[in-house]
Amino acid sequence: MEISVTLVIVAITVLISFAAFNNDDLSHKLIFSPYQAKHQNEWWRTITHGFIHADHMHLFFNMYVLYNFGELIEETLKYHYGSFSGTLYYIGLYLGGLIFATLPSLRKHSDNPIYRSLGASGAVSAVLFAFIMFYPSEKLFLLFIPIGIPAYIVGLLYLAFETYSNKKGRSNIAHDAHIAGAVFGLAYIVLLDFDNLSNFFNQIRF
């Protein structure tokens, strides 16, 4: 029986996040600080920040989305590229999304010693948009909306909302990290095989 990488990621993230909820020193060591990454060479923070969260709801939402989409993408990659390569590609998708999502903050806040960010949202966005690339016409059900919406429409709405919120800039949420993670997820699947792009458009063709 193959081990689900998605469930392993969820389990590790939940355990570390709960530990960090009650341990400020652990949270401080793992949180993403562009200043410390650049000036103190603490580049591990580009990954470790994804295993801690601001609160229980933040953790639940990210892991819920990851569980719902991650296992299917993991199995899809294994189906297309074989069990071993597919597993490696899935790990690359997740960790790559985590790292790529920090690039906007590195560009804007690398000389700001106060700025901090945490959470797996960038990686989860990468997994979600990998799902959209493979299954763009799959119907998704959003909260309080009783009808299914094609995944690619949900993706467009998501990007529009995150772009608007990022420009508005009135919250502590790193919307630019969500956008970067989504872009990474799209690009990653296309770069794995350019046929994935043509398959995407074939599925949304009216």
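Coordinate-derived values only; no laboratory data. In this text, all values refer to a predicted model and were calculated from it rather than measured experimentally. With ideal geometry, Cβ positions are generated from the backbone for all residues, glycine too; neighbour counts draw on all protein chains shown.
Only a single criterion out of (1) among the aromatic types (Phe, Trp, Tyr); (2) assigned to a helix (DSSP H, G or I); (3) farther than 23 Å from Ile173 by Cβ; (4) more than 18 Å from the chain's Cα centre (by Cα) is not satisfied by Trp43, namely (2).
In the range 155-206, which residues are surrounded by fewer than 12 Cβ atoms within 10 Å (Cβ to Cβ), at negative phi and not in a helix (DSSP H, G or I)? Residues satisfying the conditions are Arg170, Ser171, Asn172, Phe194, Arg205, Phe206. Gly155 falls short on exactly one of the conditions (1) touching a residue at least 40 places away in the same chain (Cβ under 8 Å); (2) within 16 Å of the chain's Cα centre (by Cα); (3) over 30 Å from His28 (Cβ atoms), and that condition is (1).
Scanning the range 99-121 for residues that are assigned to a helix (DSSP H, G or I) and in contact with a Ser or Thr (Cβ under 7 Å, 6 or more places away or on another chain) turns up Ile99, Ser105.
Just one of the listed residues (Leu15, Leu26) is touching a helix residue (DSSP H, G or I) at 6+ places or on another chain (Cβ under 6 Å), surrounded by fewer than 20 Cβ atoms within 10 Å (Cβ to Cβ) and assigned to a helix (DSSP H, G or I), namely Leu26.
Of the residues making up the range 66-84, one or more are touching a residue at least 40 places away in the same chain (Cβ under 8 Å) and closer than 18 Å to Ile52 by Cα.
Considering only residues that are under 15 Å from Ala177 (Cα atoms) and of a type in the set (Ser, Thr, Tyr), look in the range 29-47 and name the one that is surrounded by the fewest Cβ atoms within 10 Å (Cβ to Cβ). Filtering first and then ranking leaves Thr46.
In the range 60-79 there is no residue that is surrounded by 15 or more Cβ atoms within 10 Å (Cβ to Cβ) and over 22 Å from Ala130 (Cβ atoms). You will find that of Leu93, Leu128, Leu140, Leu103, the residue that is touching a strand residue (DSSP E or B) at 6+ places or on another chain (Cβ under 6 Å) and closer than 25 Å to Val10 by Cα is Leu140 and no other.
A search for C-beta distances below 6 Å between a residue of the range 98-113 that is more than 15 Å from His39 (Cβ to Cβ) and any residue that is assigned to a helix (DSSP H, G or I) and among the aliphatic types (A, V, I, L, M), counting only pairs 6+ apart in sequence or on different chains, returns Leu98/Ile47; Leu98/Ala123; Phe100/Ala180; Ala101/Ala177; Ala101/Ala180; Leu103/Ala180; Pro104/Ala180.
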